[in-house]
Amino acid sequence: MRSNKVEKQTKSMATRTASITTHLTTCAICLDTFDNPMSLPCLHAFCLQCLEDTFGHKLPRAKASCPTCRKEFRVPCDGIRGLQHHFILQQLVDHKQEGAELRENSCNKHKDEQVKLYCHDCEENICVLCFAFKHMNHNIGEISEVADKFRLTIDDDDKRILSVITSISQQWELTKYDADEFRSAVEDEKKKVLATGNAIQRSVDSQVYEMLTQLESVMSESVKQSESVQETYQLALVSLDSFHTYSRELLDKGRPSDITRAGCELYDRATELLDIDVTAVEYRPPHVTFTPADVTQVKRLNLIGELTVTTEEQPGMSQLFLLHFYRRSFLCSICLFPTFCRL
């Protein structure tokens with residue numbers, strides 16, 4: 001019981017210490033961890049960049065007020081950079097960042113060990129103890145070297161993804177243009193039908209109604225197909241852009257251990273996305289042509305003309321399959337990349 005109580009007290013003290021450290025290392029202007037902390041004469045400290053953004057316009061020896069206590073001070077002769085660097089706060093910041101980095105790189109199974117190796121067979125980062133006890137006969141590499149290889153693979157996959165994004169975007173714009181042109185063409189044909197129908201006696205009103213209904217049906221169905229194709233492109237672009245955004249942020253900001261953690265998942269994901277040729281799905285509106293009848297031949301049964309609709313078979317993969325694939329991809333993208341949630 002006593003040991004549990006001591007343990008709780010120790011944890012509580014550690015939590016309070018961490019809270020105090022966070023408070024001491026936070027700039028009151030940007031509310032982020034100090035970056036090159038500088039001290040004012042009143043002993044309040046701020047990031048150098050924050051002070052330059054706040055007082056950079058003031059001339060040397062000009063009066064300024066501390067953002068925290070409002071106490072006045074004079075800008076040094078050599079500008080804001082002439083203020084005293086706060087070495088103690090800088091040491092606290094460095095210590096805090098070193099501790100965070102050590103925690104991030106610690107082994108999941110041996111908390112006191114840092115991960116330095118990558119097991120290709122198990123696809124995970126390991127420490128020296130893990131290697132000795134479990135991975136001795138596995139294909140092992142140093143994290144930094146493996147990360148460099150993963151970088152090349154991820155960068156190559158991302159370039160291919162960008163190429164697909166460009167291709168889909170262009171085809172999407174073309175589809176929207178074709179859909180607008182089709183709507184315009186249908187409207188023109190409707191005008192022809194109405195103009196011809198108005199020249200005929202009331203007895204042909206039923207034929208006009210039937211033909212207009214058919215046109216509306218064809219347009220409605222084609223519009224649905226257009227919207228379905230556009231939705232497929234949109235979902236594909238969201239999935240591909242999500243991969244691109246995460247890959248770039250991982251390559252630009254991620255540590256080697258982050259890259260190796262996500263490397264295989266990213267490769268599998270890129271392969272899955274690239275295997276789906278969404279550009280093969282195209283919107284092919286039917287060709288609608290109205291052929292007016294000779295109104296002088298009033299004895300003919302088909303008085304106002306004939307409506308011809310020709311449709312082209314949709315190329316590529318099943319549209320329903322692609323829609324299902326990209327909807328599932330969009331909804332599950334965060335689950336597929338657990339590290340993405342943290343970046």
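Here is a yes/no grid of residues against (1) part of a helix (DSSP H, G or I); (2) of a type outside the set (A, V, I, L, M); (3) in the same structural domain as Lys224 (by TED's automatic domain parsing); (4) at pLDDT below 65:
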| residue | (1), (2), (3), (4) |
| --- | --- |
| Asp268 | yes, yes, yes, no |
| Leu273 | yes, no, yes, no |
| Arg284 | no, yes, yes, no |
| Glu312 | no, yes, yes, no |
| Pro315 | no, yes, yes, yes |
| His324 | yes, yes, yes, no |
| Cys335 | yes, yes, yes, yes |
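Each residue in region 276-290 was checked for being in contact with a strand residue (DSSP E or B) (Cβ under 9 Å, 6 or more places away or on another chain) and either without any contact (Cβ under 8 Å) to a residue 60 or more places away in the chain or basic (Lys, Arg) (or both), and 1 of them qualify. Considering Asp78, Asp32, the condition of being closer than 19 Å to His95 by Cα, surrounded by fewer than 14 Cβ atoms within 10 Å (Cβ to Cβ) and of a type in the set (D, E, K, R) is satisfied by Asp32 alone. Among the residues making up region 46-68, those that are surrounded by 15 or more Cβ atoms within 10 Å (Cβ to Cβ) and assigned to a strand (DSSP E or B) are Phe46, Cys47, Ala64. Residue count for region 48-66 satisfying the condition of being more than 13 Å from Gly82 (Cβ to Cβ) and either acidic (Asp, Glu) or not assigned by TED's automatic domain parsing to the domain that holds Ile29 (or both): 1. The single residue among Leu89, Leu40 that is of a type outside the set (Phe, Trp, Tyr) and touching a Pro at 6+ places or on another chain (Cβ under 6 Å) turns out to be Leu89. Looking at Val295, Val229, Val288, just one residue is in a helix (DSSP H, G or I), more than 30 Å from Glu145 (Cα to Cα) and at pLDDT below 90, and that residue is Val229. Are any of the residues in region 235-256 farther than 30 Å from Cys127 by Cα, outside any helix (DSSP H, G or I), touching a helix residue (DSSP H, G or I) at 6+ places or on another chain (Cβ under 8 Å) and modelled with pLDDT of 80 or more? No, because not a single residue in region 235-256 is farther than 30 Å from Cys127 by Cα, outside any helix (DSSP H, G or I), touching a helix residue (DSSP H, G or I) at 6+ places or on another chain (Cβ under 8 Å) and modelled with pLDDT of 80 or more.
For region 245-290, residues that are exposed (fewer than 14 other Cβ atoms within 10 Å of the Cβ), under 30 Å from Leu194 (Cβ atoms) and aliphatic (A, V, I, L, M) total 0. All conditions but one from (1) closer than 30 Å to Val115 by Cα; (2) in contact with a Cys (Cβ under 8 Å, 6 or more places away or on another chain) apply to Cys42; the one that does not is (1). Under the condition of being of a type in the set (Val, Ile, Thr) and without any contact (Cβ under 8 Å) to a residue 24 or more places away in the chain, the residues counted in region 145-173 number 1.
Residue count for region 101-148 under the criterion of being loosely packed, with under 13 Cβ neighbours inside 10 Å, closer than 19 Å to Asp258 by Cβ and aliphatic (A, V, I, L, M): the result is 1.
The values are calculated or read from the model by the stated rules, or taken from the named source; none is laboratory data. From a predicted model like this one, the values you see are computed outputs, not experimental measurements. For neighbour counting, all protein chains shown are included, and Cβ atoms are generated from backbone atoms with ideal geometry for every residue, glycine included.
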